[in-house]
Amino acid sequence: MNFFKIYYLQKMNSQTFSLIIPDPVGSVSAEYIVPAKSYCMITMAHGAGAGMNHPFMMTLANLLAEQGIGTLRFNFPFMEHKKGRPDTPAVAHKTIEAAIDNAHEKFPSLPLFVSGKSFGGRMSSQYLSAHSHPAVKGIIFYGFPLHAPGKPSTERAEHLKDIKIPMLFLQGTRDEFATLTLIENVCASLPLATLTKIEGANHAFKAGKQNILPTLAALTKDWVSKYIKVDTRK
């Protein structure tokens, strides 16, 4: 790690805390990573198989910070309490709502976006399809789980037509949870959707020896920059 990298990391603010969710859920672990000069904030909901501190989530959050984007990662209750099965949609939606409200209250001057890996993205979009949140400017899917592996369908995408904010789908071309032609058709039917394909990547964004995460961070910055005013001068 060179001097510039060490200096830059010292300029970031990292804060862990307990995110309070309305009764009877309780609270879950959460962490902000916010660069000194942030131009937006993104909530990051994890997938069904790994929590907020999975290397994918932590690495992506730090790469986004290098792009000037603050993040809020948090656990769903099932992961916090080490339960085997994901939470019901009702509980997941309450958790996402708590994260959105917390981020907006703590950083009211920063434009707010919502994101999620797989299950976390789908639960976030379900929540936003049923609840208008004026602070949220868009949603980013890091691999939308359109269907179970080997069972191609588009039923999980039905709620997306009710979302009234821009959507970015970052999808691997070998994603076993989203047959390429099906996710292309879904996004083509949504006027507010942008589909960006990651060649050769699977649902975990693995593509041989390629490191896909810097690409995901850069694509995220490029997309959010379209909807907010960003000073890119160094």
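The values are calculated or read from the model by the stated rules, or taken from the named source; none is laboratory data. Since this is a predicted model, take the numbers as computed values, not measurements. Positions of Cβ are generated from backbone atoms using ideal geometry, with glycine treated the same way; all protein chains shown enter the neighbour counts. For accessibility, only protein heavy atoms count, side chains too; no ligands or nucleic acids. Shrake-Rupley method; radii C 1.70, N 1.55, O 1.52, S 1.80 Å.
Keeping the other protein chains in place, figure out the carbon and sulfur percent of the accessible area of region 19-90, with a 1.4 Å probe.
57 percent
Counting GluC sites (Glu not before Pro) as exposed when in a DSSP loop with at most 15 other beta carbons within 10 Å, what is the longest stretch of the chain free of them? The partial results should precede the final answer.
Details: sites that count: Glu176, Glu199.
Here the longest segment lacking exposed loop sites spans 1-175.
Grab the other residues whose beta carbon is less than 15 angstrom from that of Leu19, score K and R as +1, D and E as -1, and report the net.
With Lys, Arg at +1 and Asp, Glu at -1, the net is -4.
What lysines does Lys164 reach when the alpha-carbon gap must be under 17 Å and sequence neighbours fewer than 8 apart in one chain are set aside?
Excluding near neighbours in sequence, the set is Lys137, Lys226.
In debye, nearest 20: dipole of the chain around its Cα centre with unit charges on the Cβ of K, R (+) and D, E (-)? Don't skip to the end; give the middle numbers.
Details: 25 positive and 17 negative charges, 116 e Å.
Charge dipole of the chain: 560 debye, to the nearest 20.
Before I look further, what does region 1-135 give for accessible area per residue, probe 1.4 Å, in whole square angstrom?
Ligands and nucleic acids excluded, the figure is 46 Å² per residue.
Report the label-to-label distance for Lys137 and Lys164 in nanometres (one decimal), using points 7 Å from each Cα along the Cα→Cβ vector.
1.9 nm
Report the number of Lys pairs in region 20-132 whose alpha-carbons are under 24 Å apart, with separation of 8 or more residues or on distinct chains. Don't jump to the answer; show the numbers that get you there.
On the way: Lys37/Lys106; Lys82/Lys94; Lys82/Lys117; Lys83/Lys94; Lys83/Lys117; Lys94/Lys106; Lys94/Lys117; Lys106/Lys117.
Here the count comes out as 8.
Students often forget the sequence filter, so: which aspartates and glutamates lie under 19 Å Cα-Cα from Lys151 once same-chain residues fewer than 8 apart are removed?
Asp175, Glu176, Glu184
Subtract the Cα-Cα distance of Asp222 and Asp23 from 0.36 nm times their separation in residues, and report this length gain in nm to one decimal.
67.8 nm
Using Cα pairs under 8 angstrom and six or more residues apart, how large is the relative contact order of the chain, in percent?
For the chain, the relative contact order is 16 percent.
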